[in-house]
Amino acid sequence: MEHEHVRAVDPAVADALEGELERQRNTLSMIASENHVSRAVLDAQSSVMTNKYAEGYPGARYYGGCEYADEVEQLAIDRAEELFGAEHVNVQPHSGTQANQAVYFATLEPGDKILSLDLSHGGHLSHGHPANFVGQFYEVEQYEVDEETGYLDYEGLADLAEEFEPDIIVSGYSAYPREVEWERIQTVADDVDALHLADIAHITGLVAAGVHPSPVGIADFVTGSTHKTIRAGRGGIVMCDEEYADDVDAAVFPGGQGGPLMHNVAGKAVGFKEALEPEFEAYAEQTVANAKVLGETLADHGLSLVSGGTDNHLVLVDLRPSHPDTSGGDAEVALEEAGIVLNGNTVPGETRSPFDPSGIRAGTPALTVRGFDEEAIRTVGTCIARVIDAPDDDDVIADVRETVDDLCSAFPLYD
Ligand SMILES: *Cc1c(COP(=O)(O)O)cnc(C)c1O
């Protein structure tokens, strides 16, 4: 990764690219939504496909010269259909948010009703937050997790659905460490005659590998992000049954986007091929096993996990019971100094603010890609606990930074 062409033209950007590579190599990336794609996906994404306009869909484009664009997009579609067992997949959304936007645009009129999980309980901006267009164009009501248990409050959801009569119920979350019971939510949707969008952005790779139950074939629409657990590079996808295929396609293009980012579609095709290999399943299983060990290690050091543990790739820590004077923001800053990069996160029953919340969220996908096993993750968990115990202690931070350096050398990235 020399970036010699960039360097010849623009040393400032070349320095930043080099800096980012070194940052990723020399820190532990534990932001639960991030990952490290393969060299093959990187290669595809930085290809000449970035030059190509391919408005439309394979075989029906508005531009000439699309034979290779068609080939790449069809491969991405076929592989996604095989991976997820979906009847129809649109691989053009620029991101997960655009995938959700397409489903709303395909199914709702302005003013229609969306029932989704509260952001501070693990929801996503694109599910109806007032700062997002979704919260302004549609009427939004929000369900919650049970603040005692940290698990989704399925009964509360059913009651709220009865009362609110939503046009669509959105499931799928950004900071929910437990398995989602798609059928239970589908039953609620059926009972109130609502559609169901399952947004698996975070767990796209876990679902593809079969280590988390799939909503495909249960929910009416399933959206995913391709750059999170599935490691297929930046982007989003929409999956649905054949009956909605034309509406979804029209909602992606021309409804919400212009030409597809064909270099990213190429990245998706390559990433999906990798995800069909047996090694991907092993990676997904290890990601979940690592998250479990991370949770256990943090709990052993006295930290409080929302829901008491995890079934997926992330843990959510509520700092209030163990460290009432340390905010998630404080922890994030101190941990980054020690070379561990994660984010402060709101927790159910949040009493601080979204800008300086009470929790931290930590994920294992990126470390697992580097080869971290349970033993290495136990060391990482101990490091995190040590820093949270002494966020202002420079000696502790320097000591942890040394351990992080050792781990980074033992598990090299883009070698
Ligand atoms: C990450 C995420 C998305 C998509 O976000 P983008 O940044 O637009 O890809 C959508 N929904 C949920 C639940 C997410 O966590």
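Residues in the stretch 31-47 that are part of a helix (DSSP H, G or I) and either of a type in the set (S, T, Y) or under 18 Å from the mean Cα position of the chain (by Cα) (or both): V41 only. Only one of the numbered conditions (1) outside any helix (DSSP H, G or I); (2) within 23 Å of F221 (Cα to Cα); (3) open to solvent by 50 Å² or more (accessible area, probe 1.4 Å) is violated by M1, and that is (2).
Among the candidates D199, D167, D193, single out the residue that is out of contact with any Ser or Thr (no Cβ under 9 Å at 6 or more places or on another chain), modelled with pLDDT of 95 or more and over 16 Å from L316 (Cα atoms).
Numbers: D199 fails: out of contact with any Ser or Thr (no Cβ under 9 Å at 6 or more places or on another chain); D167 fails: out of contact with any Ser or Thr (no Cβ under 9 Å at 6 or more places or on another chain).
Result: D193 is the single residue among D199, D167, D193 that is out of contact with any Ser or Thr (no Cβ under 9 Å at 6 or more places or on another chain), modelled with pLDDT of 95 or more and over 16 Å from L316 (Cα atoms).
What number of residues within the stretch 1-50 are within 30 Å of D70 (Cα to Cα) and among the basic types (K, R)? Give the steps one after another, and end with the answer.
To start, the set of residues in the stretch 1-50 that are within 30 Å of D70 (Cα to Cα) comprises 1, 3, 5-6, 33-50.
From what's left, among the basic types (K, R): 39.
Summing the residues that are within 30 Å of D70 (Cα to Cα) and among the basic types (K, R) in the stretch 1-50 gives 1.
Pick from G217, G236: which is over 14 Å from the mean Cα position of the chain (by Cα) and outside the structural domain of A289 (by TED's automatic domain parsing)? Spell out the reasoning first.
Values: G236 fails: over 14 Å from the mean Cα position of the chain (by Cα).
Of G217, G236, the one residue that is over 14 Å from the mean Cα position of the chain (by Cα) and outside the structural domain of A289 (by TED's automatic domain parsing) is G217.
Would you please name the residue that is nearest to E277 (Cα to Cα), looking only at residues in the stretch 184-197 that are open to solvent by less than 20 Å² (accessible area, probe 1.4 Å) and in contact with a helix residue (DSSP H, G or I) (Cβ under 6 Å, 6 or more places away or on another chain)? So, considering only residues that are open to solvent by less than 20 Å² (accessible area, probe 1.4 Å) and in contact with a helix residue (DSSP H, G or I) (Cβ under 6 Å, 6 or more places away or on another chain), the one nearest to E277 (Cα to Cα) is L197. The criterion of being closer than 30 Å to G59 by Cβ, open to solvent by less than 60 Å² (accessible area, probe 1.4 Å) and in contact with a helix residue (DSSP H, G or I) (Cβ under 9 Å, 6 or more places away or on another chain) holds for G235. Does D247 meet the test of being more than 16 Å from the ligand (Cβ to nearest atom) and without any contact (Cβ under 8 Å) to a residue 60 or more places away in the chain? So D247 fails the test. In the set (1) in a helix (DSSP H, G or I); (2) without any contact (Cβ under 8 Å) to a residue 60 or more places away in the chain, V252 fails one condition alone, (2).
V252 meets the stated requirement of being within 16 Å of the ligand (Cβ to nearest atom) and either modelled with pLDDT of 95 or more or outside the structural domain of D394 (by TED's automatic domain parsing) (or both). Among the residues of this structure, A209 counts as one that is of a type outside the set (D, E, K, R), away from the ligand (no atom under 16 Å from the Cβ) and either in contact (Cβ under 8 Å) with a residue 12 or more places away in the chain or within 15 Å of A86 (Cβ to Cβ) (or both).
Under the condition of being crowded, with 17+ Cβ neighbours inside 10 Å and part of a loop (DSSP other than H, G, I, E, B), the residues counted in the stretch 4-30 number 2.
The values are calculated or read from the model by the stated rules, or taken from the named source; none is laboratory data. For clarity, every value in this text was computed on a predicted model and none was experimentally measured. Cβ: placed from backbone, ideal geometry, glycine included. Neighbour counts: every protein chain shown. For accessibility, only protein heavy atoms count, side chains too; no ligands or nucleic acids. Shrake-Rupley method; radii C 1.70, N 1.55, O 1.52, S 1.80 Å.
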